[in-house]
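Encoded as structure tokens, the structure appears first; notes follow it.
We did not get these values from a lab; they are worked out from the coordinates using the rules stated. Computed from a prediction, not measured in an experiment: that's the story for all the values here. Here the Cβ positions follow ideal geometry from the backbone for every residue, glycine too, while neighbour counts run over all protein chains shown.
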Amino acid sequence: MSEPHSPPQVPESLKKARDAFPILKRTVNGKPIVYLDNAASTQKPQPVIDAISHYYSHENANIHRGVHLLSTEATAAYEAARGKLARYLNANDESEIVFTRGATESINLVAHSFLEPILQPGDEILISCLEHHANIVPWQLLCERTGAQLKVAPIFDNGDLDVDAYLSLMGPRTKLAGLVHVSNAIGTVNPIEVIIEAAKAKDIPILIDAAQSVQHMTVNLQALDCDFLVFSGHKMFMPTGIGALYGKRSRLDQMRPYQGGGDMIAHVTFDKTTFKKPPSRFEAGTPHIAGGIGLAAAIDYIEAIGRDVIHEYESQLITYAADRLKAAPGVRLIGEPTNRSGAVSFVMESAHAHDIGTILDTEGIAIRSGHHCCEPLMGRFGISATARASIALYNTPEDIDALVAGLAKVNQLFG
Amino acid sequence: MNSDLKALYRDTLLKHSRDPRNRGEIEDPDHSACLKNPLCGDQITLYIATRGDRIESARFEAQCCSICMASASMLTFRVEGMTLGESDAFAATLAEAFNQANTPLPLLENDELHALEGVKSFPSRIRCATLPWEALREAISNKQ
Ligand SMILES: Cc1ncc(COP(=O)(O)O)c(C=O)c1O
């Protein structure tokens, strides 16, 4: 048996991880930075920064057009990134990867191109109480346009999804089920395998919001067999402005274009335009080429360490964080899910989340305070805001200890 | 402790946030408004009862941080007896001054509101201090 709250060992391949992230060398308010806001956005390792810099220094050109060498090289690099991502997620085919700006745009794309054309008044869209606004608001807007209804599956007091309730809300009129894989606000890991299985049995298309899972655990699309999956690169060591929509090829084939413009057309006349096959059909205009190149470099970086190593270590670290916080004076955890990944949310008797955030900031500790774009979930817990610590592979037990020490200062000031 | 932090969380501010004055509803207010800071979810509802053109009392309900709470508490005290026009103008200049790094708050020396001066060193917290004053202006423009 290990001690209660004994800190995890940092594995050999992660001992130098911090050194790869130049920003982690800077100080904040005179203190070395303790970055615990990774669910909002992760920092970028040197190989990603170098890949972007190399691209702009040596290969920059527009893609899918032009026969000159730079354009050919840029096209090859961008398309190689798509292939790399398809393999990383174990998609059936790289044409199932649509590059987007991120999770938000991916969900909006599905709403517009997949669901809107088939939605009738009275049809239903099912989501859960754990969703980020990005997996709520696009559906609400769509319901307003079409007369469809949004159904929301409840959670238990510990922050676990009420799976039975979710399954029983999958009815004959459910035209899409959406579910967050890992809650950004409270860290709940949802049993998506069970939910996807049930959706398939009922022939309901299902979308998984993997914005908080692809960086922490292995996501195997062929094993999961969901219809859609979305994520944002910037939460996974990649640049902002790049992310992806995975869509089953049979679904993508039937979908109408999202935006119109260059690169997505097969043939244009003033009378009629025909469109390319997926994924190009959904990628109008010049894309974020450097973003794609940074994405590929980030995948290489993660795979060199090993996803299993990262997952194992992070699971221990977030458990350590939750245990330490739970035992800290005046701290109450919000959400104590059966399976936790990445994040832990809490409130304090003595101080509001913002005050906690400000005081920790003066100690060089970056956390997030607020509703985490999950206002309905906050409402479910009867609060308007939490303080949230969220980890990445470069965080250490010492970071958690610094956080807990910072909270003692909060109590000192406000207690 | 960090000196900016000390200046932010002055005793007066902490006193008001722990034990805010005039917290609660006014039934049948002459004016009221509910404002939210979408960035953080802080929410405040301000109620005003008037006699003629003058504010007889102001009360508030809030789910918010210590700075917003203290600011609201001080506000309810500060605007009592002012005309609606005066308090609106005062709220406008105050909010403006919070957002100007080099403009001191337009207050007399012994005004309690000086306790909020420290937020100027924390740009991400300025809105916490100004939210109640924005709610006041909104309430004044909402006749019940
Ligand atoms: C679970 C979840 N879904 C969706 C999003 C939206 O991501 P983005 O803003 O990068 O599109 C986030 C980001 O916070 C998230 O955590």
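Some observations on this one:
- In terms of its C-alpha gyration tensor, region A:49-303 comes out oblate, because a/c is 1.5 or above while a/b does not outweigh b/c.
- In chain A, the calculated helix contribution to ellipticity at 222 nm averages -10500 deg cm²/dmol per residue, counting -39,500 (n - 2.57) for every DSSP H run with n ≥ 4.
- When each full DSSP H helix of chain A is screened for a Cα extent of at least 15 Å along its own axis and an average Kyte-Doolittle hydropathy of at least -1.0, the helices passing are A:69-88, A:289-305, A:307-327, A:397-414.
- Descending Cα extents along the principal axes, region B:3-141, whole Å: 44, 29, 25
- Straight-distance crosslink candidates among lysines, where the alpha carbon sits under 20 Å from residue B:6 and sequence neighbours closer than 8 are dropped: A:31, A:409, B:15, B:120
- Between 0 and 90°, nearest 10: helix B:66-78 axis offset from chain B longest Cα axis: 50 degrees
- Axis angle, to the nearest 10 degrees, between helix B:126-141 and the longest C-alpha principal axis of chain B: 10 degrees.
- Gaussian network model of chain A, Cα within-10 Å springs - most flexible of A:201, A:40, A:290: A:201
- Value of Rg to Rh for region A:289-351 (Rh from inverse mean 1/r over Cα pairs, i.e. Kirkwood): 1.18
- The ranking of B:64, B:34, A:143 from fewest to most other beta carbons within 10 Å of each one's beta carbon is B:34, A:143, B:64.
- Ranked list, fewest to most other Cβ atoms within 10 Å of each Cβ, for A:326, A:277, A:409, A:44: A:277, A:326, A:409, A:44
- Look at the Cα gyration tensor of region A:1-155: its axes a ≥ b ≥ c give a/c of at least 1.5 with a/b at or below b/c, and that counts as oblate.
- Proximal lysines relative to residue B:143, as straight alpha-carbon distance under 25 Å, when same-chain residues fewer than 8 apart are discounted: B:36
- Choice from A:65, A:256, A:281 with maximal GNM fluctuation in chain A (Cα, 10 Å cutoff): A:65
- Segment residue A:240-residue A:300, length gained on full extension (0.36 nm per residue, minus Cα span): 19.8 nm
- Reachable aspartates and glutamates from residue A:202, criterion Cα separation under 17 angstrom, eight or more residues apart if same chain: A:123, A:124, A:164, A:193, A:225, A:227
- Residues in region A:379-415 reached by a label modelled at residue A:25 [backbone nitrogen below 20 Å; 7 Å Cα→Cβ]: A:393-396
- For the pair region A:350-396 and region A:19-71, the centres of their Cα atoms are 26 angstrom apart.
- The protein assembly as shown shape via C-alpha gyration tensor axes, a/c threshold 1.5: prolate
- Listed residues A:295, A:221, A:70, most fluctuating in chain A (Gaussian network, C-alpha, under 10 Å): A:70
- Ellipticity estimate at 222 nm from DSSP helix runs (n ≥ 4, -39,500 (n - 2.57)) divided over chain B, nearest 500: -12500 deg cm²/dmol
- Per-residue mean of foreign Cβ neighbours for A:347-358 is 5 (Cβ atoms of other chains, 10 Å radius).
- Whole-Hz ³J(HN,Hα) from phi, Karplus 6.51 cos²θ - 1.76 cosθ + 1.60, for region A:244-260, glycine and proline x: 8, 10, 8, x, 4, 4, 5, 6, 4, 4, 8, 8, 7, x, 9, 9, x
- Region A:145-187 and region B:1-76 have Cα centres separated by 37 Å.
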